[in-house]
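The values are calculated or read from the model by the stated rules, or taken from the named source; none is laboratory data. Source: prediction; values computed, not measured. Note that we place each Cβ from the backbone using ideal geometry, even for glycine, and neighbour counts take in every protein chain shown.
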Amino acid sequence: MGENKALMEFRGKPLIQRQIELLSPYFKEVIVGANDPAPYAPFNVRVVPDLLPERCALTGIHALLKGAARRRVFVVACDMPFLNPALIEHLYATPGEPDVIVPESDRGLEPLHAFYGPGCVAAIEESAQRGAWKATDFYARVRVEKVRVRDAEWAVDGRSPFLNANTPDEWRTAAP
């Protein structure tokens, strides 16, 4: 994108502000994973940096788990503008104590819209030692509950809650 997607304006406000406002009623604390806390100072949230050397989604998940005080952590990518609180509640209500609660959408697993528990930390660290940096590379070492969801059933403004705006064209399509 050429700029910090979290700070890009989406419907009149920075996308990160929209996400913080949407998530705050559901969670005691919203934490941002970022290596530079300065851009997030206006949003009055705690920022946790990566603790592992690679810069990728997996290291962000790890940092959030290490920095959170809660047992389960909901992790969502900063470029998903159509979060659906009802879907987040649906995932959270998954029974038992799995280490990961991940939606399986029409496109497959959605690891950047999932709940993670403390049992993931050691598995992520082991994955990092092996150089396996994909967000799901540690799943085989933990208890994973896949929750099948159809995008259309959880759509917001007709858009999938898993839509990532990763390019300028995707951003223009998502932002109207």
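When the residues of the range 154-165 are filtered to those that are within 25 Å of LEU64 (Cα to Cα) and either exposed (fewer than 13 other Cβ atoms within 10 Å of the Cβ) or of a type in the set (A, V, I, L, M, F, W, C) (or both), which remaining residue is modelled with the highest pLDDT?
Within the range 154-165, the match that is modelled with the highest pLDDT is PHE162.
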request  = Can you run down the residue pairs with Cβ atoms below 8 Å, 6 or more apart or on separate chains, where the first is in the range 120-137 and modelled with pLDDT of 95 or more and hydroxyl-bearing (Ser, Thr, Tyr) and the partner is surrounded by fewer than 17 Cβ atoms within 10 Å (Cβ to Cβ) and part of a helix (DSSP H, G or I)?
outcome  = SER127/ARG141
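Determine whether VAL30 is of a type in the set (Val, Ile, Thr), within 20 Å of ALA165 (Cα to Cα) and surrounded by 18 or more Cβ atoms within 10 Å (Cβ to Cβ).
Criteria not met by VAL30.
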task = May I ask you to list the residues in the range 49-67 that are crowded, with 20+ Cβ neighbours inside 10 Å and of a type outside the set (Val, Ile, Thr)?
result = LEU58, GLY60, HIS62, ALA63, LEU65
remark   = Over the range 136-176, the set of residues in contact with a helix residue (DSSP H, G or I) (Cβ under 9 Å, 6 or more places away or on another chain), over 14 Å from LEU87 (Cβ atoms) and assigned to a helix (DSSP H, G or I) is TYR139, ALA140, ARG141, TRP171
request  = Just give me the residues in the range 68-117 being loosely packed, with under 15 Cβ neighbours inside 10 Å and part of a loop (DSSP other than H, G, I, E, B), in sequence order.
outcome  = ALA69, ARG70, ARG71, ALA93, PRO95, GLY96, GLU97, ASP106, ARG107
message = Here's a check for you: in the range 27-58, which residue that is in a helix (DSSP H, G or I) and within 12 Å of the chain's Cα centre (by Cα) is nearest to ALA132 (Cα to Cα)?
response = LEU58
ask   = Can you name the residue in the range 63-91 that is in contact with a Phe, Trp or Tyr (Cβ under 9 Å, 6 or more places away or on another chain) and not hydrophobic (A, V, I, L, M, F, W, C) and, of all such residues, is farthest from TRP171 (Cα to Cα)?
value = ARG70
Residues satisfying the stated conditions in the range 138-153, i.e. of a type outside the set (Val, Ile, Thr), under 17 Å from the mean Cα position of the chain (by Cα) and modelled with pLDDT of 95 or more = PHE138, TYR139, GLU145, LYS146
message = Against the definition (surrounded by 15 or more Cβ atoms within 10 Å (Cβ to Cβ), of a type in the set (Asp, Glu) and more than 20 Å from PRO161 (Cβ to Cβ)), how does ASP36 come out, yes or no?
response = no
inquiry  = Just the residues that are under 25 Å from ARG71 (Cα atoms), touching a Leu at 6+ places or on another chain (Cβ under 8 Å) and of a type outside the set (A, V, I, L, M), please, taken from the range 4-57.
reply    = GLN19, GLY33
